[in-house]
1. Please arrange L99, L184 by counting, for each residue, the other beta carbons lying within 10 Å of its beta carbon, fewest first.
2. Given Cβ point charges of +1 (Lys, Arg) and -1 (Asp, Glu) and nothing else, what value in debye, to the nearest 20, does the dipole of region 81-220 about its Cα centre take?
3. Set Lys and Arg Cβ to +1 and Asp and Glu Cβ to -1, take the dipole of region 79-216 about its Cα centre, and tell me which of S153, A87, A107 lies farthest positive.
4. Pairwise over distinct Cα atoms, reciprocal of the mean inverse distance: report the Kirkwood radius of region 12-74 in Å, one decimal place.
5. Measuring from label point to label point, each 7 Å out along Cα→Cβ, what is the N49 to R91 span in nm?
6. Taking θ = phi - 60°, what integer Hz values does the Karplus form 6.51 cos²θ - 1.76 cosθ + 1.60 yield along region 128-143, in sequence order, with x for Gly and Pro?
7. Can you give the calculated 222 nm mean residue ellipticity of the chain, where each DSSP H run of n ≥ 4 adds -39,500 (n - 2.57) and the sum is split over every residue, rounded to the nearest 500 deg cm²/dmol?
8. Using only the C-alpha atoms of the chain, find the volume of their convex hull and express it per residue in Å³.
Amino acid sequence: MDTTIGAQHMPLRDQVLVALRQRIVNGDYPPGERLTEDRLAEDFGVSRNPVREALRVVQAEGFVVMVPRRGAVVAVPDTAAVADMFAVRERLETLAARLAAQRATPADIAGLRALLESAREATDREDFGRVAELNTLLHTRVIDISGNKWLSSIATALYLQVQWVFRMGAPDRAPHSWVEHIRLVDAIEAGDPDAAEAAAKSHVDAASVAAMAGAEHGWE
């Protein structure tokens, strides 16, 4: 973690929740790993109460499941969960790309290009945790550029799951994703809504195939 639990200006339970989510999404607590309250309290240097509250939230969000005789365990995204996520992504990202192509400013394009370059560098050095973060940043930035507040509202919860699933398959997926993102940004910069929508759909379709394969094989 970048900062110490208890040092931030937010309730302790919220700090534990943010840290717990981050460790799950980044793979520090991998799918199938048991998460006891005592173990998490020790990891974060807090009492069991904020840990218990944080576990309830991540369970509701789908990151953790309760298993008989084992307790809290990091979830393993299955094919049904992945298919549902990508069904939403296809509708959301294609619309966002179309709107972004109509509304992007030169400053917006420069920001997207900077994210692409950072992702290329992270891919080259095989920093897949950072690649996953940048993947989320790029997609949420396109949604912001679209100017549609409803898309932005939906994306807040969705992209925690997107980042989690992407991180699991990042070693194989990252180089392809980077190239697909370049095509998307090129279409947005060209101000071509049809091309941007097509690039977004092609990207989501490719990502879906990779993620479904990972889910079918238990992310091994």
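FYI, it's all coordinate maths here, none of it is from the lab. As the structure is a prediction and not an experimental result, all values here were calculated from the model. Quick reminder, even Gly has a Cβ in these numbers, built from the backbone with ideal geometry, and neighbours come from all protein chains shown.
1. By the 10 Å Cβ count, ascending, the order reads L99, L184.
2. For region 81-220, the charge dipole is close to 360 debye.
3. S153
4. Values: mean 1/r = 0.0883 Å⁻¹.
Evaluated on region 12-74, it is 11.3 Å.
5. Here the modelled spin labels are 4.2 nm apart.
6. Using θ = phi - 60°, the values come out as 6, x, 5, 4, 4, 4, 5, 4, 5, 4, 5, 5, 5, 5, 4, 5 Hz.
7. The helix contribution divided over the chain gives -26000 deg cm²/dmol.
8. Hull volume over Cα atoms, normalised by residue count, gives 126 Å³.
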